[in-house]
Amino acid sequence: MSKKLEGKIAVVTGGSAGIGFGIAKAFAADGAKVVITGRRQEELNKAVVEIGNGTIGIQADASNLADLDRVYDTVKAQHGRIDVLALNAGFYEFMKLGEITEAHYDKTYNTNVKGLLFAFQKALPLLPKGASVILTGSIAGFRGIPAMSVYSSTKAAIRSLVRSWILDTKGLGIRINVLNPGHTSTPGFNNLLPAAAHPGVIETIPLSRLCTPEDLGKAALFLASDESAYINGIELDVDGGAAQF
Ligand SMILES: NC(=O)c1ccc[n+]([C@@H]2O[C@H](COP(=O)([O-])OP(=O)(O)OC[C@H]3O[C@@H](n4cnc5c(N)ncnc54)[C@H](OP(=O)(O)O)[C@@H]3O)[C@@H](O)[C@H]2O)c1
């Protein structure tokens, strides 16, 4: 059976762990040459080996515009184009209303909105006709979560940006969609919520289990491949039904 991303070049930000790692792994397994980014070199080195298929790791902070330039310069020199762009790196932490700090606001918005916006804009010259752009949103973008208001609003912003970007890119033949994970077992999630709290979360999910990076890899592969060739500007919830009630 032919692979869905054979001959394609994919870039995944925050691809060294968690959801980004699941996405990068799914892309590479289906034939893509993958470039991942992350801030910790050691994590990148490990992930590059595990993902395989000639994956390249570039140490870069998704909220730093100079780092983004460096990533795209390297991708341009190595591959010349980006067929699949998965902007996944994001920051989340709890911060109660009344205690929200400027540092929390800046870090959350600089990573999730500013960094993502410029990562997309700077990638435009490298995106050929037929390219697929996948932005990691969250079901938090349309639901209330206690002590997560700033984070949730960044994910709503991503969803909103896409509505205009599909109009701004009309005629280029590129597709842009939002992938909304539900509660996903990742290093970041497990750090936010200790294992003892997981049963209470699972209780709220109709499929009675946490989402996995593999679940998101499969959904991202669908959005990346020609199987979703006429799907543009949507948000795809991969949440076990958690956001439906
Ligand atoms: N897990 C969930 O339940 C869940 C639910 C909905 C949405 N999401 C979204 O999914 C995305 C990934 O979350 P996750 O749970 O997989 O996180 P994670 O377990 O913390 O993994 C994050 C990955 O991204 C990298 N990363 C983090 N900040 C970065 C930055 N500023 N620049 C470059 N790389 C960065 C990390 O490596 P370094 O630390 O080395 O940089 C790591 O490889 C985020 O956008 C998050 O908002 C997660």
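The values are calculated or read from the model by the stated rules, or taken from the named source; none is laboratory data. This is a predicted model, so every value here is computed, not measured. Because the Cβ atoms are built from the backbone with ideal geometry, glycine has one as well, and the counts that use them run over all protein chains shown.
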Practice task
Filter the stretch 96-127 down to the residues that are touching a residue at least 40 places away in the same chain (Cβ under 8 Å) and over 21 Å from ARG39 (Cβ atoms), then identify the one that is surrounded by the most Cβ atoms within 10 Å (Cβ to Cβ).
Solution key: LEU127
Problem - the stretch 193-213, residues that are part of a helix (DSSP H, G or I) and surrounded by fewer than 14 Cβ atoms within 10 Å (Cβ to Cβ) - result: ALA195, ALA196, ALA197, PRO199, GLY200
Practice task
From SER208, SER160, SER164, grab the single residue that is more than 20 Å from ALA119 (Cβ to Cβ) and either at pLDDT below 95 or among the hydroxyl-bearing types (Ser, Thr, Tyr) (or both).
Solution key: SER208
Practice task
Kindly indicate whether any position in the stretch 61-70 is without any contact (Cβ under 8 Å) to a residue 24 or more places away in the chain and more than 14 Å from the ligand (Cβ to nearest atom).
Solution key: no
Exercise for the section: Output the residues belonging to the stretch 199-234 that are farther than 25 Å from ILE51 by Cβ and within 12 Å of the ligand (Cβ to nearest atom). Expected result: VAL201, ILE205
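Every residue in the stretch 163-182 that is surrounded by fewer than 21 Cβ atoms within 10 Å (Cβ to Cβ) and either within 12 Å of the ligand (Cβ to nearest atom) or not in a loop (DSSP other than H, G, I, E, B) (or both), please. Reasoning before the result, please.
Taking the stretch 163-182 as the starting set, the residues that turn out to be surrounded by fewer than 21 Cβ atoms within 10 Å (Cβ to Cβ) are 163-173.
If the condition is that a residue be surrounded by fewer than 21 Cβ atoms within 10 Å (Cβ to Cβ) and either within 12 Å of the ligand (Cβ to nearest atom) or not in a loop (DSSP other than H, G, I, E, B) (or both), then ARG163, SER164, TRP165, ILE166, LEU167, ASP168 are the ones that fit.
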Fill in the blank from the handout: ILE100: passes all of (1) within 11 Å of the ligand (Cβ to nearest atom); (2) in a loop (DSSP other than H, G, I, E, B); (3) among the β-branched types (Val, Ile, Thr); (4) out of contact with any Ser or Thr (no Cβ under 7 Å at 6 or more places or on another chain) but (1)
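Would you confirm whether or not the stretch 86-96 contains a residue that is assigned to a loop (DSSP other than H, G, I, E, B), away from the ligand (no atom under 12 Å from the Cβ), in contact with a Leu (Cβ under 8 Å, 6 or more places away or on another chain) and not aliphatic (A, V, I, L, M)? Before you say what the answer is, go through the steps one by one.
So the first thing to find is which residues in the stretch 86-96 are assigned to a loop (DSSP other than H, G, I, E, B), and the list is 88-96.
From the residues that got through so far, the ones that are away from the ligand (no atom under 12 Å from the Cβ) too are 94-96.
From what's left, in contact with a Leu (Cβ under 8 Å, 6 or more places away or on another chain): 94.
Retained after the next criterion (residues that are not aliphatic (A, V, I, L, M)): 94.
Yes: one or more hits.
Looking only at the stretch 1-26, which residues are away from the ligand (no atom under 16 Å from the Cβ), assigned to a loop (DSSP other than H, G, I, E, B) and touching a strand residue (DSSP E or B) at 6+ places or on another chain (Cβ under 8 Å)? Walk me through it before giving the result.
Let us first name the residues in the stretch 1-26 that are away from the ligand (no atom under 16 Å from the Cβ), namely 1-9.
Remaining after also requiring assigned to a loop (DSSP other than H, G, I, E, B): 1-8.
Answer for the stretch 1-26, where residues must be away from the ligand (no atom under 16 Å from the Cβ), assigned to a loop (DSSP other than H, G, I, E, B) and touching a strand residue (DSSP E or B) at 6+ places or on another chain (Cβ under 8 Å): LEU5, LYS8.
Just one of ILE82, ILE145 is surrounded by fewer than 23 Cβ atoms within 10 Å (Cβ to Cβ) and over 14 Å from the mean Cα position of the chain (by Cα); which is it? Before the answer, list the steps.
Numbers: ILE82 fails: surrounded by fewer than 23 Cβ atoms within 10 Å (Cβ to Cβ).
Checking each option against the conditions leaves just ILE145.
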Practice task
State which residue pairs qualify: first residue without any contact (Cβ under 8 Å) to a residue 12 or more places away in the chain and inside the stretch 182-200, second residue assigned to a helix (DSSP H, G or I) in any location, beta carbons under 7 Å apart, and separation of 6 or more residues or different chains.
Solution key: LEU193/VAL201
